[in-house]
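The values are calculated or read from the model by the stated rules, or taken from the named source; none is laboratory data. Owing to the predicted nature of the structure, the values given are computational and were not obtained by experimental measurement. Note: ideal-geometry Cβ built from the backbone for every residue, glycine included; neighbour counts use all protein chains shown. Surface areas here come from the heavy atoms of the whole protein model, side chains and all, with no ligands, DNA or RNA. Shrake-Rupley method; radii C 1.70, N 1.55, O 1.52, S 1.80 Å.
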Amino acid sequence: MITRRQTLGLFGAAAATAILPSVKPARAAATEFRIGWQKNGVLALAKRRGALEKRLADQGITVSWSEFTSGPPLLEALGAGALDFGATGDVPPLFAQAAGGALYYVGIYRGSPAGSAILVRKDSPIKTLEDLKGRKVAFKRGSSAHNVTVKALRKAGLAPQDVQQIDLAPPDAAAAFKNGSIDAWSIWDPYLAIAEADPDTRILTTAEGIVDSYSFFLANKDFTDENGTVIVNVLDELAKVGRSAQDNLDATIKELSEITGVPAEVTRVTLQRPGADLGSVTTVSDAAASYQQALADEFYNLGIVPKKLTTGDIVWRPKAS
């Protein structure tokens, strides 16, 4: 059973993320690399291990970290030049690009579609996706959970306007779900795994068969234009961290549990979902680029993203050495 203390240990960063890091312009010949991170995945492991600090030390570059609980505010900071690098799901970059943020897609990693789901209470009368019509469904607007919700509703023959869309960050949605003020909650790991461990929670659907699980590394455009080698080195190091972690999963589970405050048995669930692979860090593939353009088109046609986007305009490719 997950205790309130354990849950708050993961969600406690919410207050800190309400204030974005102070905006400083990106600089040529970088001496600092500013990362936005969330308490999961390969970036969390790299932070704990000091892997990027070691990799960049020879270039005279220090590393600083700012914690976020979801992608939209992270990318707001990145696009404004307050960060140089970060990772999010698939939807936040669309809003960031539409807002004119100065950013690039620089890398990808693949997660498990089972790591995202729509949850209801165990005793809820909602039994199918069709039953969501007219109900209060919470997700963070502009997050990957937004995409899962849209596509799950479409699978059921529903449109987003057929439900009451409640825009809540994960910590607030967790509380609302617990007290019954929302009917359903669309969320990702590790928040999903925590909620799933509660016997009063039921999974209505995972994203399996609904959404491909692409997540993206993004970087500030100005920083990347001047410091492309740094980005290449960072992605390479993250892939190494990820492969090492995947090869030593028992140790990784313990490590991530200590980082997040989430019990080891819950962390094990997130890392052993079908298709999960911490080492799947690469530059942006053609398949991922096509996926993102299709998502941008869909969200524009639904009136969710305010302008038509050409996502390929901000896909960064490293120069051949």
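Once you sort the root eigenvalues of the Cα gyration tensor of segment 271-321 as a ≥ b ≥ c, which label holds: rounded (a/c under 1.5), prolate (a/b larger than b/c) or oblate (the other case)? The shape class here is oblate. Here segment 241-301 is treated as a Stokes sphere of Kirkwood radius computed over C-alpha pairs; at 20 °C and 1.002 mPa s its diffusion coefficient rounds to 157 µm²/s.
How big is D, in µm² s⁻¹, for segment 62-150 by Stokes-Einstein at 25 °C and 0.890 mPa s if Rh is the Kirkwood radius over C-alpha pairs?
Numbers: Rh = 15.1 Å.
The Stokes-Einstein estimate is 163 µm²/s.
Note on the chain: Rg/Rh from C-alpha atoms, Kirkwood Rh, equals 0.95. Taking every protein chain into account, the accessible area of segment 116-223 amounts to 39 square angstrom per residue (probe 1.4 Å). Ellipticity at 222 nm from helices only: DSSP H runs of n ≥ 4 in the chain, each -39500 (n - 2.57), divided by the residue count, give -12000 deg cm²/dmol. Remark on LEU103: its backbone amide H falls under 5 Å from those of LYS221, a criterion applied only to residues 5 or more positions apart or on other chains, H modelled at 1.01 Å from N.
Per-residue 3J(HN,Hα) values for segment 132-142, derived from phi via the Karplus relation 6.51 cos²θ - 1.76 cosθ + 1.60 with θ = phi - 60°, read 6, 4, x, 8, 7, 10, 9, 6, 7, 4, x Hz in sequence order (x marks Gly and Pro). Listed by chain and number, the aspartates and glutamates whose alpha-carbon sits under 17 Å from that of LYS319, ignoring those within fewer than 8 places in the same chain, are ASP222, ASP225, GLU226, ASP236, ASP286. Here the chain is treated with +1 on each Lys and Arg Cβ and -1 on each Asp and Glu Cβ, and its dipole about the Cα centre works out to around 340 debye. The charge dipole of segment 27-161, taken about its Cα centre with unit charges on the Cβ atoms of Lys, Arg (+1), Asp and Glu (-1) only, comes to about 560 debye.
Simple rule: put +1 on each Lys or Arg Cβ and -1 on each Asp or Glu Cβ in the chain, find the dipole, and look at LEU43, SER144, THR224; the Cα lying farthest toward the positive end is SER144.
Modelled spin labels at THR310 and ALA197, positioned 7 Å past Cα toward Cβ, are 4.8 nm from each other.
Here the accessible area is traced with a 1.4 Å probe on the protein chains. For segment 117-265, carbon and sulfur cover 45 percent of it. Here the Kirkwood formula puts the hydrodynamic radius of segment 167-321 at 18.5 Å, using every distinct Cα pair.
Over 32 Å between Cα atoms, which of LYS127/LYS240; LYS47/LYS221; LYS151/LYS254 qualify?
Values: LYS127/LYS240 43 Å; LYS47/LYS221 23 Å; LYS151/LYS254 34 Å.
Beyond 32 Å: LYS127/LYS240; LYS151/LYS254.
Basic side chains Lys and Arg get +1 at the Cβ, acidic Asp and Glu get -1 at the Cβ, and with that the dipole of segment 193-303 about its Cα centre reaches some 180 debye.
Farthest towards the positive end of the charge dipole of segment 246-319, among the residues VAL266, GLN293, GLN246, is the Cα of GLN293, using unit charges on the Cβ of Lys, Arg, Asp and Glu.
Both numbers refer to the Cα atoms of segment 32-74; Rg and Dmax are 10.9, 32 Å.
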